[in-house]
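Scroll down for the structure; my scribbles are underneath it.
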Amino acid sequence: MAKQFLKGNVAVVKGAILAGCRAYYGYPITPASEIAHAAAMYMPLTGGTFVQAESEIAAINMVYGAASAGERVMTASSGPGISLKQEGVSYCAGAELPCVIVDVVRGGPGLGNIAPEQSDYNQVVKGGGHGNYKCIVLAPNSVQEMCDFGMLAFDLADKYRNPVYVLTDGFIGQMMEPVEFPEPVEKIPEKSWAVKGTKETSDNLITSIELDPDDLERHNQKLQQKYAIIEEQEQRAEEYRTDDAEIILIGYGIISRIMQTAVDNLREEGVKVGMLRPITLFPFPKKSVTKLAKSAKFFLTVEMSNGQLIDDVRLTIEGNVPVYLYNRMGGNVPSIKEIHDEVMKLMRLS
Amino acid sequence: MNNILKKSASFYDVYERRPGADKLTTTYCPGCGHGVLHKLIAEALDDFGVREKTIFISPVGCSVFAYYYFHTGNVQVAHGRAPAAATGIKRAHPDSVVISYQGDGDLAAIGTAEIIHAANRGEGITVFFVNNAIYGMTGGQMAPTTLVGQKTMTSPRGRSVNNEGYPIRMSEVIATLKAPVFIERVMIGDTKSTMHARQTVRKALKLQIEKNAFSFIEVLSACPSNMKLTPSRSKQWVKEVLADYFPLGVKKDVSEEFEPKDISRLVVSNSELPDALNLETAKVDSEKIAPYREKKINEEIKVAGFGGQGVLSLGTVLSEMGMRHDYQVSWLPSYGPEMRGGTANCSVKISQKKIGSPLVANPTILIAMNRPSLDKFENDVISGGLIIYDNSLIDRKPVRDDVEIIAIPATKMADELGNTKAANMVIVGALIEYKDLMSQEVVLESLGDVLKRKNLVELNQKAILRGAEFINNLK
Ligand SMILES: Cc1ncc(C[n+]2csc(CCOP(=O)(O)OP(=O)(O)O)c2C)c(N)n1
Ligand code: SF4
């Protein structure tokens, strides 16, 4: 199969452009900067626009403008920059604007460091800005998926008129792997609601303000209905060797790659262990978790954050099966051996 | 008197978007400058015949509901960010007329960065900046343009220079920039000044329509409600007091000599996309790689050395070549500050099986290009693994006795070839020869596709051959 060897951060831009994205607005930050570099290189060559904004705040508001105008548009950043974007993301969610935000997570809080973490889970998966909103969140675990989800994100964004995050980490962003490119999209859905400077759209309004509490409640209810549909229809997860598994490891992104090897090693030792990898974090793959909880003795959540993913696992399982946490923070990545040893320890305890 | 906006086709006849029973009057207080400025803008849009192609951006502030009135495309944006949103809109639709409308809190406080940079980029938009020296919507707090001594809710004893500094003259600030084409401060005071403001509004919009030029129009304006003055007294205050600190007039005008920039977008069809986006993929010569399909390859390689020794590219070349042999491959660099200390390393996995973690903790092969790397990673190598080290730079031998060891003077050999930088390829040649990981023919043939510096391909091919020769002499 014909492939190109490239970085996750570059693959996501190529995927986005193949999806018809023709606008990038962003501010540099390690370990997401190669996304801006690639966008600066390829947007102008493919008929798009690239602006290095004066801040992440400006960037997300440029995205807001471009999305209002009906364009497929993206931005990217890492923890500190995502924090700055949150007001703008809330506006996008409120005004129901489709856009794609890539978060290549680094160590926090504060300036933290630039090593990989998953500590933006809460601020990305749970809304993050003000108001009752949710963003769809995709969590790639390979460079191929950076490309593929770069495309999928735009489809979902347009389908639901909602911001979509690609939530990843310094490892997936920085690593290189072979990528097979999908075909470019033929046609971007017609956006009759957008403001395009045309006669047909001169009655259109993009806004998130609703002064009347009843109106705003109705708007909120409409949003919640949309999120319910997304929860029903868009859950995605990958199961690995779960068929007869008594122990389920759960983790996303780079963690799933490490867990996969840990599962293989444990299986060789005869341990009945499998892995569930959430691909969508919102919607959380509740169906898969619930199904696996029926036969599992316990779950082990592995994450590079302070127990953020585990909240969703526990909420889904509702106390039916024990759920344990193994986590590292600060840019340290759990090793295969650590995961292996943690499983062995928990088996002895349970 | 000013709170009914009528007769302009660029206004709605009935303000259906306005909640409540009153759909005919505006939300602006009597005597407010916003209403008058709205009229001047709407009239100009009518006269220039651009209503349909206009996109009006409402800020946060009293003019947040401008979209009740303007029968144009409307976008309501976050506090201070209108120029950023305008940038996104204008670039999406270069032929539209984009109006970025802001108050003084919006533009000169929270949104300072956005207006300065939109102006500095010379975005093809028209900015209307209503300076009423106060925060109207939130109930009369101090603005960056509030006058010294002026009492507001947050400067109850009057604005003090010690505590709040001086009012900012935004038009003058923006006029220091190169890209803006037309900057003028006008006022809505008496009839004469309003008539002049009308001309200025028209000029600014015309400049966008005809030349896609950035204009910035500051409009001194009254907020009778928060000034607690009658409409006519407040207009007088604008004229006599506000305009005294904020001098009226043109601050910059290069409209005559300004050449319209080409802001049209390239049109790239899907068939042209692979070239434009560089989607070229690697060629795999199935015949040449056939012998390697049978091999059980599962190598975890750590490459480490000084920055500048080509450690990272040694890793990418191995991975790229691995990919050309239909192996699964991954490459993960050490990145960021770790690099700044002068050392670099990368993890490379080459396998027939799907690759799990891309991070190499316990290498099957360690390539150490300097002493610190050998010191750091020697103990991590798995028992039975391989250490390749550059003994022209490293002054000690590995101490492990449970691994294979190859000492190769790669840097010296590269020097002999005429370029120290080829040391990494000497090692590539040695490794693939020693382990028979890949077809040397394929590696040599594809080197030109893989290396960024095309002028060094021949040298690096020689280096690979030298590395292989070194191994064959050992055998
Ligand atoms: C992030 C944020 N901070 C604060 C506010 C509250 N706020 C709304 S309007 C406004 C000031 C508006 O003043 P100005 O820009 O001068 O416009 P005017 O109302 O005088 O026309 C403020 C502080 C907000 N909406 N958003
Ligand atoms: S409060 Fe001031 S700025 Fe706001 S509408 Fe009234 S007069 Fe105008």
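The figures follow:
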quantity: Among A:Ser202, A:Ser119, A:Ser305: highest mean-square fluctuation, GNM of chain A, C-alpha pairs under 10 Å; calculated: A:Ser202
quantity: Shielding of A:41-50 by partner chains, average beta-carbon count, 10 Å; calculated: 5
quantity: Rounded FRET efficiency, nearest 0.05, which uses the C-beta distance separating B:Thr420 from A:Ile229 and R0 of 56 Å; calculated: 0.35
quantity: Cα gyration tensor shape of region B:44-125, rounded if a/c is under 1.5, else prolate or oblate by comparing a/b with b/c; calculated: oblate
quantity: Accessible surface of chain B, 1.4 Å probe, proportion on carbon and sulfur as whole %; calculated: 52
quantity: Between A and B, accessible area buried - total, square angstrom, nearest 100, 1.4 angstrom probe; calculated: 5500
quantity: Nearby lysines by direct alpha-carbon distance to A:Lys14 (threshold 18 angstrom, same-chain neighbours under 8 apart not counted); calculated: A:Lys3, A:Lys187
quantity: For B:259-271, mean number of other protein chain Cβ atoms within 10 Å; calculated: 3
quantity: For chain B: rounded, prolate or oblate by the Cα gyration tensor [a/c cutoff 1.5]; calculated: prolate
quantity: Eligible lysines near B:Lys251 by straight Cα distance, threshold 26 Å, same-chain separation 8 or greater; calculated: B:Lys39, B:Lys90, B:Lys178, B:Lys192, B:Lys203, B:Lys206, B:Lys211, B:Lys235, B:Lys239, B:Lys261
quantity: Under 29 Å from the Cα of A:Lys287 - lysines, other chains or at least 8 residues apart; calculated: A:Lys126, A:Lys134, A:Lys159, A:Lys222, A:Lys226, A:Lys272, A:Lys297, A:Lys345, B:Lys354
quantity: Packing rank of B:67-78, B:118-129, B:200-211, B:242-253, where each peptide gets the mean count of other beta carbons within 10 Å, highest leading; calculated: B:67-78, B:118-129, B:200-211, B:242-253
quantity: Charged-residue dipole, Cβ positions (Lys, Arg, Asp, Glu), region B:322-423 about Cα centre, Debye nearest 20; calculated: 320
quantity: Surface per residue (accessible, 1.4 Å probe) for region A:204-350, Å²; calculated: 45
quantity: Antiparallel bridges, percent of DSSP beta bridges restricted to the protein assembly as shown (to nearest 5); calculated: 35
quantity: With every protein chain in place, region A:238-349: carbon and sulfur % of accessible area (1.4 Å); calculated: 48
quantity: Selection of trypsin sites (Lys or Arg not before Pro), region B:343-444, meeting DSSP coil and at most 13 other Cβ within 10 Å; calculated: B:Lys353, B:Lys354, B:Arg396
quantity: DSSP bridge orientation in region B:287-474 - percent antiparallel, rounded to nearest 5; calculated: 55
quantity: Antiparallel content of DSSP bridges confined to chain A, in %, to 5; calculated: 25
quantity: Nitroxide proxy distance, nm - points 7 Å out along Cα→Cβ at A:Glu217 and A:Arg236; calculated: 3.7
quantity: Local electrostatic count at B:Gly73 - Lys and Arg +1, Asp and Glu -1, tallied over other residues with Cβ under 11 Å; calculated: +1
quantity: Region A:4-233 - charge dipole about Cα centre, Lys and Arg +1 at Cβ, Asp and Glu -1, debye rounded to 20; calculated: 300
quantity: Local electrostatic count, A:Glu210, Cβ distance below 13 Å [Lys/Arg +1, Asp/Glu -1]; calculated: -1
quantity: Residue-averaged beta-carbon neighbours from other chains (10 angstrom radius) around A:186-195; calculated: 2
quantity: Tensor-based shape of the protein assembly as shown (alpha-carbon gyration tensor, a/c under 1.5 rounded, otherwise prolate or oblate); calculated: prolate
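The values are calculated or read from the model by the stated rules, or taken from the named source; none is laboratory data. This structure is a prediction, so every number in the text was calculated from the model and none was measured. Note that we place each Cβ from the backbone using ideal geometry, even for glycine, and neighbour counts take in every protein chain shown. Just so you know, the surface numbers come from the protein's heavy atoms only, side chains and all, with ligands and any DNA or RNA stripped out. Shrake-Rupley method; radii C 1.70, N 1.55, O 1.52, S 1.80 Å.
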